[in-house]
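Peer 1: Following this message is one structure expressed as structure tokens.
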Amino acid sequence: MKTTGTILAVRVCVLAVRGALAAVALMPLAHAGEPENEEVQALVQPTSKVELGLGEVNKASSKFGEYNGLGQGGAFGIGAFDVRGKERYDGESALRWSVTGRDLGLSTRAIEGEVGVQGQFRLNFGYDQLPRNYAGDYQTFYDGAGSTALTLPASFAATPAAQRLSSTTTVNNALSNWQNIQSPYASAACAATGGVPSAPCRGPGYLIPAAMHGFEVGTERERRNAGFTVMLMPGLELSASANSEQKQGSKLTGVAYGGPARGVLAPEPINSTTKQFRAGLSYVADNWHASLAYYGSFYSNAVDLWTVENPFNGALLNAAFNNAARLPGAPDNEMQRFSLAGGYSFSSTTHLSVAGNYQSMTQDKAFITGLPSTWTIPVTSAQAKVLNTSFNATLSSRPLPALSLGAVYKYENRDSQTPIVDFLVAGGDAAGNPSRFTNEPLNRRMEQFSLDADYTLARRQSLRLGLDWQAIRRSADGEETPFRAETTHENTVRLDYRNNVSPELTGRIGLSRQERRHSEYEDNNLLPVPTVAPLPAADPLLPGFEQYFLAKRSRTQLRSSLNYQPNEVLNLQGGLDLNKDTYKDLDYGLKSSQSWVFKLDAGIAASEKLSYNLFYTYEDRKSQLDSLVIGRGSTATLLDAPASTPGSSCVGYFAASGHLPSDEGSDPCRAWTERQSDKVHTFGLSTRADKLMGGKLDLSVDVAYARSRTPIDVTGGAYFGNGNATKTTAVPYNNIYIAATALPDITNNMLDLRLNGVYRLSKVAAIRAGYQFRRVQASDWQYDAYTNSALGVLAIPVYPGNNMRAPNYSVQMLSVSYVHSF
């Protein structure tokens, strides 16, 4: 199947439009268009409906059918029903029941049912499916894709892992380097002969492209649910529900061999079940109410371990793992939560609501076995446990007819009680001596207090003032916390003004200002103290860089809207939203983030039978990140003369092993800046014509167009080593300066056209027809690097390609169905 990947930088507005369009993709049970004078009768005398029909999609596209079950193309069935008990409104019985089904001819099918007696009990059940076609154009050279054992194809057996060399000391060895997938020869002897290699002499540059084959990545979810509600006595209600969700299929996961240097994107098998249970007891009296609830979620994964064989040099992988990466599946876990809530009305104008939760999350799945004897894992499982507690209270009052007051207090505490353990392992299953790693249980406590006052200034005018105070404390139970500051405080002032200028014109504008500050920030160390084995080597940290979620920040937000309706025919709505974040007192890191959104919507009711709606939205989001490229060093590193001379151009420098320039942390040639923007235009037009041809025909047309562009500009540059060990006159530098350049724009254009019509044959019968056309054209260098290269899947020497491309498809769908009412 030809399709595209989904990990694409599609912006918020485009996703919203696609979601809205997907929601009406088939529009089952289109209500057969009852005449308007029958609408009241339909409310008191429910009508049941059955719909049957056929549709066809002109070509396969997993991206078009990502969630709607139409990715395969070809014919599909249309089946739906909505059956309701006519005794529901006969004036004598309070019994109500209904059974509905939709998309019965597709893999998105769903059935729901409900029965109950008003004021006594209600039972409900449901079943639904949700497919996701993640990537239909994905390719891999592995055998066993979709299973728990991905193995190299038989062609690799001609050169066993032990004979895959990685030496590059000679030209021939470079051509047979199994750590470079572009190398065409299996050995130096093969490379010496030249020409097209025979089968025993073929290296990864020949074996991988020849073995590539397609595999559809996606999941299928099935969910079943049932529940009941019963009135035990007036005001006292008991409810309970349960649902079970099973997911099978695959997803793409990055696999590293011997560390982060080399890897593949492989299909990870998925076979999991999630069971959820809810129960609650609530009571409502004249001036108070209370409720007690339980919620439990239990996740189990049938995939305990999956393996991916190493296509590179065998020395990259630990021999104890048989030259294969061993990856555990997501561990089984459970969560249980108890909630207590209530409220009390002191008077008709003053009310208090409180709610509290206690939640326990545990994960105790056994670690995988068969590990190298040099590794030390002192426990059999993580024994992970996290306790979450929360409480909130809301007090609202109207002391004066023109004044409303409100106060809210929130408390949340995440307490990790996971044991701290030292693990002696090798990252990425690498061969060689293991290093010591220690897990760091993380904790978070938040308190927030808000005050609001809403005052009516005059007729059709009001002013709302709000104040928020928030404190967050982050900590870790290990020896060192990853948080460079322990606490942050945020203060917010909100002002909102609403004015109904006239019955035809109304507007609103809101402004908020937030300031975030942190406690003493632990500055980074450019030259960390050397570590002693078996600890991993210490990494340098850039001074002047702060974690963005802790950094001092000023946030300004503006919200505005305007509505104009001069008559019953025309309605205009518009709005402008602004957001700006500025990060303060830091040299590097996220410096700023801002956005603005403009919205315009027009509704035209040309007549009782004809109406139009048009909308346009523009989004513009920007961010800036500053940083500096630094090398690894410690206090034992020797510092040479500065690499950069003030006023000179960036050309490079020489540094022997164990040496760094003394201006590594301030060299302007190491500085770089990344500026990213997201610009999205969205247009829409819909029109509806009802009761044409003597009241028998209803027509609707919907058109949506979205265009997004993401320019990414990078300035500055970095030094890169060229491998020279000795400074010479001919080659005076072993660190060459390379200037940064902007990345290609990421673009996405989407056009969606829908035509729907309902023709009533009689009061009980109708024909419905629909047509949809969707075209998507996108470009994304993150995907298209392989497509645009003559080397294809070999374009990047250490990462075999997967053939996935940015979405580009054009699909048409036609459907015709018969709707019968009774």
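Peer 1: Cut-off 20 Å, label point 7 angstrom out along Cα-to-Cβ of residue 726: give me the residues of the stretch 651-671 whose amide nitrogen falls inside.
Peer 2: Label zone hits: 653-659.
Peer 1: Got a number for the accessible area of residue 288? Probe 1.4 Å, square angstrom, nearest 10.
Peer 2: In the full protein context, residue 288 sits at about 110 Å².
Peer 1: Relative to the longest principal Cα axis of the chain, at what angle does helix 12-23 sit, 0 to 90 degrees, rounded to 10?
Peer 2: 50
Peer 1: Here's another thing I want to ask about it. 5 Å is the cut-off here: which amide hydrogens, built 1.01 Å from N in the peptide plane, fall below it relative to residue 324, excluding neighbours closer than 5 in sequence?
Peer 2: Under 5 Å from the amide H of residue 324: 310.
Peer 1: Give me, ordered by chain and number, the residues 5 or more places off residue 121 or on other chains with an amide H under 5 Å from its own placed amide H.
Peer 2: 231
Peer 1: Between residue 764 and residue 412, what is the FRET efficiency for a Förster distance of 56 Å, r being their Cβ-Cβ separation, to the nearest 0.05?
Peer 2: That gives a FRET efficiency of 0.50.
Peer 1: Using the per-residue mean of other Cβ atoms lying within 10 Å as a proxy for protection, in what order, highest first, do the peptides 645-658, 731-744 fall?
Peer 2: 731-744, 645-658
Peer 1: Name the long-range amide H neighbours of residue 734: under 5 Å, sequence gap of 5 or more, or other chain; modelled H, no Pro or chain starts.
Peer 2: It is 653, 654, 655, by chain and number.
Peer 1: Residue farthest toward the positive end of the dipole of the chain, with Cβ of Lys/Arg at +1 and Asp/Glu at -1: which of 673, 719, 635?
Peer 2: Positive-most Cα among the choices belongs to 673.
Peer 1: Same structure again: At 1.4 Å probe size, with no ligands or nucleic acids counted, give the accessible surface of residue 63 in Å², nearest ten.
Peer 2: Counting only protein heavy atoms, the figure is 30 Å².
Peer 1: Right, next: Using a simple charge model, +1 on the beta-carbon of Lys and Arg, -1 on the beta-carbon of Asp and Glu, nothing else, what dipole does the chain show about its Cα centre, in debye to the nearest 20?
Peer 2: Dipole of the chain, to the nearest 20 debye: 1180 debye.
Peer 1: In whole percent, and with a 1.4 Å probe on the protein chains, what portion of the accessible area of the chain is carbon and sulfur?
Peer 2: Roughly 58 percent of what the probe reaches on the chain is carbon or sulfur.
Peer 1: Given charges of +1 on the Cβ of Lys and Arg and -1 on the Cβ of Asp and Glu, with all other atoms neutral, how large is the dipole of the stretch 364-468 about its Cα centre, in debye to the nearest 20?
Peer 2: It comes to approximately 520 debye.
Peer 1: OK, next. Distance in nm between label sites at residue 285 and residue 232, each 7 Å beyond Cα in the beta-carbon direction?
Peer 2: Placing both labels 7 Å beyond Cα along the Cβ direction yields 1.6 nm.
Peer 1: While we're looking at this one, here's another question. Are any of the pairs 552/580; 247/410; 49/247; 552/622 more than 25 Å apart by Cα-Cα distance, and if so, which?
Peer 2: From the list (552/580; 247/410; 49/247; 552/622), the Cα-Cα distance tops 25 Å for 247/410; 49/247.
Peer 1: Here is a further query. For the ranges 290-300, 762-772, what's the packing order if you count other beta-carbon atoms within 10 Å of each residue, average per peptide, and put the highest first?
Peer 2: Peptide ranking by packing, descending: 762-772, 290-300.
Peer 1: Now for a separate question. Farthest toward the dipole's positive end in the stretch 195-328, which of 243, 203, 301, given Cβ charges of +1 (Lys, Arg) and -1 (Asp, Glu) about the Cα centre?
Peer 2: After comparing all options, I get 203.
Peer 1: Got the relative contact order for the chain handy, in percent, Cα pairs under 8 Å and 6 or more residues apart?
Peer 2: Here the relative contact order equals 10 percent.
Peer 1: On to the next question. Got a sec to turn the phi values of the stretch 799-814 into Karplus ³J(HN,Hα) couplings, 6.51 cos²θ - 1.76 cosθ + 1.60 with θ = phi - 60°, whole Hz, x for Gly and Pro?
Peer 2: Karplus-based 3J(HN,Hα) across the stretch 799-814 equals 9, x, x, 10, 6, 6, 10, 5, x, 8, 7, 9, 10, 10, 9, 10 Hz.
Peer 1: Let me ask something else. Work out the length of the dipole vector of the stretch 535-653 about its Cα centre, built from +1 on the beta-carbon of each Lys and Arg and -1 on the beta-carbon of each Asp and Glu, and round it to the nearest 20 debye.
Peer 2: For the stretch 535-653, the charge dipole is close to 140 debye.
Peer 1: I'd like to check one number: the per residue accessible area of the chain, probe 1.4 Å, reported in Å² as a whole number.
Peer 2: 51
Peer 1: What are the ³J(HN,Hα) couplings of the stretch 239-245, residue after residue, when phi is run through the Karplus curve with 6.51, -1.76, 1.60 and θ = phi - 60°? Round to Hz, x for glycine and proline.
Peer 2: Going residue by residue, I get 9, 7, 8, 8, 9, 10, 10 Hz, with x marking Gly and Pro.
Peer 1: Of the chain, which part is the longest with no GluC sites (Glu not before Pro) in a loop (DSSP not H, G, I, E, B) and with at most 14 other C-beta atoms within 10 angstrom?
Peer 2: Formally, the longest exposed-site-free interval is 93-478.
Peer 1: For the chain, what is the mean residue ellipticity at 222 nm derived from helices alone (per DSSP H run of n ≥ 4: -39500 (n - 2.57); sum divided by total residues; nearest 500 deg cm²/dmol)?
Peer 2: -1500 deg cm²/dmol
Peer 1: For the chain, compute Rg over Rh where Rg is the Cα radius of gyration and Rh is the Kirkwood radius from the inverse mean 1/r over Cα pairs.
Peer 2: Looking at the chain, the ratio lands at 0.99.
Peer 1: How large is ³J(HN,Hα), in whole Hz, for each residue of the stretch 586-599 in order, when computed from phi with the Karplus curve 6.51 cos²θ - 1.76 cosθ + 1.60 and θ = phi - 60°, using x for Gly and Pro?
Peer 2: Calculated HN-Hα couplings, in order: 9, 8, 9, x, 5, 9, 7, 8, 8, 7, 8, 10, 10, 10 Hz.
Peer 1: Which order do the peptides 365-371, 430-436, 706-712 take when ranked by the mean count of other beta-carbon atoms within 10 Å per residue, highest first?
Peer 2: Going from most to least packed, we get 706-712, 430-436, 365-371.
The values are calculated or read from the model by the stated rules, or taken from the named source; none is laboratory data. A quick note: this is a predicted structure, and the numbers were derived from the prediction, not measured. A quick note on method: Cβ atoms are made from the backbone with ideal geometry, for glycine too, and the neighbour counts reach across all protein chains shown. These area figures cover heavy atoms from the full protein model, side chains too; ligands, DNA and RNA do not enter into them. Shrake-Rupley method; radii C 1.70, N 1.55, O 1.52, S 1.80 Å.
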